[in-house]
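Engineer: Okay, handing you the structure first.
Computed from the coordinates by the stated procedures, all read-outs in this text should not be read as laboratory data. Everything quoted here is computed from the prediction, not taken from an experiment. Here the Cβ is made from the backbone with ideal geometry for all residues, glycine too, and neighbour counts use every protein chain on show.
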Amino acid sequence: AQTVTQSQPEMSVQEAETVTLSCTYDTSENNYYLFWYKQPPSRQMILVIRQEAYKQQNATENRFSVNFQKAAKSFSLKISDSQLGDTAMYFCAYYHQGGSEKLVFGKGTKLTVNP
Amino acid sequence: GAGVSQTPSNKVTEKGKYVELRCDPISGHTALYWYRQSLGQGPEFLIYFQGTGAADDSGLPNDRFFAVRPEGSVSTLKIQRTERGDSAVYLCASSARRSSGANVLTFGAGSRLTVL
């Protein structure tokens, strides 16, 4: 079974600084997708960024970018110019195309952006 | 609707009672998912519907949990004889399932269930 591991339960960063959240996963599949979701106190999960495993180029969405290392099964999220509104839980998730139609989530990292 | 709607937002019940949680997905989304998120944990998969049928219910913890989606739109998660360990946030998500490409889920704000 696929597993997703987030080894940092909590992290903090100063406003305007850069922070990197770690994620590793385990799979024997070759065709899959990886996601980062943000969950603010409102509880609603918001998609931050996604990466197709077959693409070597790292995905970027404005201040958010990933470092995808397929061989190492690593998928870290970098947040640049951190803002107070980035304070939230961040979840890494895995999806296997053609397999079970479900996202597998890590346990999350609580990020606090300090003024 | 514009987003995934879940009701109630919060539900407090007593041990042994029956509860229903409702999910109204985005219009046109054929796939619907239920997840359970315990305190301090990531969401855990419960069940996945494609249309009216449960395509994968392997995450339901036991036979006290049941979900339906009779018309392929609104879904109800039903929990019988609730236990304190059922206390969690129950998240619903929907997607326009594609034959290829990423299955991007849109989540609701969840229903927080507290069993006293």
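Engineer: Residue-wise, which Karplus ³J(HN,Hα) couplings in Hz belong to the stretch B:71-86, taking 6.51 cos²θ - 1.76 cosθ + 1.60, θ = phi - 60°, and x for glycine or proline?
Structural biologist: Rounded to whole hertz, the list is 10, x, 10, 5, 10, 10, 9, 10, 10, 9, 6, 4, 10, 4, x, 7.
Engineer: Applying 1/(1 + (r/R0)^6) with R0 = 35 Å to the Cβ-Cβ distance of A:Ser12 and B:Thr30, what FRET efficiency is obtained, to the nearest 0.05?
Structural biologist: That gives a FRET efficiency of 0.30.
Engineer: How many percent of Cα pairs in the protein assembly as shown exceed 32 Å?
Structural biologist: Distances greater than 32 Å cover 20 percent of the Cα pairs.
Engineer: Between B:Val104 and B:Val74, 0.36 nm times their residue separation minus their Cα-Cα distance comes to what?
Structural biologist: In short, 8.9 nm is gained.
Engineer: Once the other residues with Cβ under 11 Å from the Cβ of A:Gln8 are scored (Lys, Arg +1; Asp, Glu -1), what is the net sum?
Structural biologist: +1
Engineer: Another one. Multiply the residue gap between B:Thr13 and B:Ser58 by 0.36 nm, knock off their C-alpha separation, and tell me the result in nm, one decimal place.
Structural biologist: Working it through step by step, the gained length comes to 13.6 nm.
Engineer: Please report Rg (one decimal) and Dmax (integer) in Å for the Cα set of the stretch A:3-114.
Structural biologist: Taking only Cα atoms of the stretch A:3-114, I get Rg and Dmax of 13.5, 42 Å.
Engineer: Got a sec? How would A:Ser7, A:Ser76, B:Ser75 order by Cβ neighbour count within 10 Å, fewest to most?
Structural biologist: Going from least to most buried by this count: A:Ser7, A:Ser76, B:Ser75.
Engineer: Would you mind calculating the gained length between A:Lys55 and A:Thr5 on full extension (0.36 nm times residue separation, minus the Cα-Cα distance), in nm to one decimal?
Structural biologist: The A:Lys55-A:Thr5 span can extend by a further 15.8 nm.
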